[in-house]
Amino acid sequence: MIFRRKIYDRLLQWKETSADEKALLIEGARRIGKSTIVEEFGKKEYKSYLLIDFNDASQLVKDAFEKYLNDLDTFFMILSTEYNKTLYPHQSLIIFDEVQQYPKARQSIKKLVKDGRYHYIETGSLISIKENVQDITIPSEERRLTMFPLDFVEFCWALGEEKMLTYIQTCYKQKKALEDTLHHKAMMLFKQYILVGGMPKAVVKYLENGRNFAAADEEKRDILALYRNDISKADVRYRMRIAAVFDQIPAFLSKHEKRVKLSNIESNSFFSMYQDAFFWLGNSLVANECFNCSDPNVGLSLNEDRTYVKCYMGDTGLLVSHAFSESEIADGELYKAILHDNMAINEGMIFENAIAQQLVSNGYPLFFYTRYNHEKHRNDIEIDFLISNGSRIKPKIYSIEVKSGKRYTTKSLDKFIQAFHRRIGEAYIIHTKNLSQQNGILCIPAYMTFCL
């Protein structure tokens with residue numbers, strides 16, 4: 001089952017404008033569908049394609065990179081013969097799949113692109129981690145593109161709900177509520193999405209088994225096992241701390257503030273002890289880091305405080321399987337609770353993670369804001385997310401509060417607006433209810449997050 005993915009249009013754009021000068025490196029977490037979409041692209045857009053999976057490439061192929069890069073006629077002959085593929089100049093694509101397993105191939109991109117005969121796409125998991133690139137020269141003839149799990153839009157495409165997406169977008173643009181029945185249907189789609197997640201094989205299992213959450217859960221647990229296996233191969237200096245942070249992500253998110261408290265992992269610990277662990281999880285895209293912005297302004301990253309961090313799972317469906325044991329969800333009560341809004345605990349954790357995931361897939365780095373009141377000895381402002389329009393001409397920031405419950409207050413957001421009203425372009429509440437506007441705040445249902 002091949003899903004429609006947004007990244008396909010980016011691949012087409014690269015082929016039309018840059019492929020003769022740049023190879024494309026597609027990075028992403030494990031099992032998000034990188035190889036599948038690239039191979040589909042090769043089938044549809046080229047006369048022929050050749051895929052080298054460096055997880056199981058033969059020694060003959062690896063030797064070709066060592067011995068014949070100065071004799072490219074022989075190099076391409078070996079590849080063509082080994083994979084039984086005819087290569088056509090300017091009409092063939094060569095794919096280096098899981099290229100992080102063989103860094104020499106990545107380094108060869110400079111010479112191969114300069115040769116000009118074919119186009120090249122690399123895919124990799126954990127490819128940004130420093131131990132995978134320390135012994136090679138990163139080619140300048142390489143353009144990097146990040147891929148994520150299916151977002152809510154792609155999930156709806158997989159379920160055949162294109163018309164619903166168009167209707168949601170229309171209502172957002174017109175700032176009007178959906179018709180009540182369609183609002184409930186859209187929320188049901190969003191709840192299915194957060195339970196299943198965006199890992200393609202989990203979605204396949206869900207659909208092929210009559211929208212069965214348990215079938216998707218089995219696949220997600222296999223993926224989590226792969227992540228743990230990847231962690232076990234990380235640098236021994238920080239391997240245990242990566243595992244500790246990874247295992248504690250649900251615990252961090254279950255707290256009211258949702259930020260990481262290292263004392264929960266190790267007493268007398270401080271951030272510098274764990275910075276490599278967070279680097280690993282963030283750069284592998286297993287997790288989405290969210291940093292505190294000490295001064296909300298259009299240059300959010302200029303004021304980030306990396307010692308004050310929240311850590312979300314890269315995929316919300318994986319978070320559900322990570323947070324709850326098989327026995328806890330085997331009877332289906334968890335799914336019922338979320339679908340019927342009867343979950344007493346941890347719903348906020350899952351809901352907020354899903355919003356973080358959608359913001360990241362829309363291209364926004366994650367920031368949050370807190371203000372400590374010394375008189376009251378507590379935070380009196382807590383804003384879940386800040387995003388920026390990135391404009392230097394008319395710079396504006398946009399504040400986002402996430403509310404999973406039906407009843408909530410806006411005290412924190414009201415104070416934030418009062419303090420920074422000249423910088424704010426729009427203030428949002430993302431909740432489970434229909435679209436509405438109150439006191440200058442736009443309240444949108446969670447399924448509208450992709451419209452931001």
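Assuming charge only on the beta carbon of Lys and Arg (+1) and of Asp and Glu (-1), the dipole of segment 1-147 about its Cα centre is about 500 debye to the nearest 20.
Given axes a ≥ b ≥ c from the Cα gyration tensor, I'd like to know whether segment 349-452 is rounded (a/c under 1.5), prolate (a/b larger than b/c) or oblate. It is rounded, given that a/c, with a ≥ b ≥ c, falls under 1.5. Only Cα pairs under 8 Å and 6+ residues apart enter the sum, and on that basis the relative contact order of the chain stands at 14 percent.
Pairs to check: LYS34/LYS261; LYS6/LYS163; LYS310/LYS411; LYS85/LYS114. Give those whose C-alpha atoms are more than 24 Å from each other in this structure. From the list (LYS34/LYS261; LYS6/LYS163; LYS310/LYS411; LYS85/LYS114), the Cα-Cα distance tops 24 Å for LYS34/LYS261. For segment 407-452 versus segment 5-21, the inter-centroid distance based on Cα atoms is 36 Å.
Within the chain, which DSSP H helices have Cα atoms that stretch 27 Å or more along the helix axis and a mean Kyte-Doolittle hydropathy of at least -0.5? Result, helices passing both filters: 213-232. Between GLN169 and MET1, the modelled label-to-label distance comes to 2.4 nm, taking each label 7 Å out from Cα in the direction of the beta carbon. If you put +1 on each Lys and Arg Cβ and -1 on each Asp and Glu Cβ, how big is the dipole of the chain around its Cα centre, in Debye rounded to 20? Here the size comes out at about 1280 debye. The distance separating the Cα centre of segment 323-400 from that of segment 174-208 comes to 18 Å. Solvent exposure of the chain amounts to 46 Å² per residue of accessible area, where only protein heavy atoms count and the probe is 1.4 Å. Listed values [x] 23.3, 75; [y] 21.3, 67; [z] 21.8, 76 include one computed from this model; for Rg and Dmax of the Cα atoms in Å that value carries the label [x]. When segment 103-249 is described by a simple charge dipole with +1 on each Lys and Arg Cβ and -1 on each Asp and Glu Cβ, the residue from ILE249, GLN107, SER125 located farthest towards its positive end is GLN107. Most simply put, the chain has about 40% antiparallel DSSP beta bridges, counting only bridges with both residues inside it.
In segment 39-89, what trypsin sites (Lys or Arg not before Pro) fall in a loop by DSSP, with at most 13 other Cβ atoms inside 10 Å?
Values: sites: LYS43, LYS44, LYS47, LYS62, LYS67, LYS85; in loops: LYS47, LYS85.
Filter output for segment 39-89: LYS47.
Shown are ARG31, ARG239, whose ranking by accessible area with a 1.4 Å probe and every protein chain present, most to least, is ARG31, ARG239. Cα gyration tensor of segment 403-452, axes a ≥ b ≥ c as square roots of the eigenvalues: rounded (a/c below 1.5), prolate (a/b > b/c) or oblate? Note, shape of segment 403-452 comes out oblate.
Based on the alpha-carbon gyration tensor of segment 161-241 and its eigenvalue square roots a ≥ b ≥ c, which shape applies: rounded if a/c is under 1.5, prolate if not and a/b is larger than b/c, or oblate? Taking the square roots of the gyration eigenvalues as a ≥ b ≥ c, segment 161-241 is prolate. Apolar share of the accessible surface for the chain: 46 percent from carbon plus sulfur atoms, 1.4 Å probe.
The values are calculated or read from the model by the stated rules, or taken from the named source; none is laboratory data. Please read all numbers here as calculations on a predicted model, not as lab measurements. We place every Cβ from the backbone using ideal geometry, glycine too, and count neighbours over all the protein chains shown. Ligands, DNA and RNA are excluded from the accessible area calculation, which covers all protein heavy atoms including side chains. Shrake-Rupley method; radii C 1.70, N 1.55, O 1.52, S 1.80 Å.
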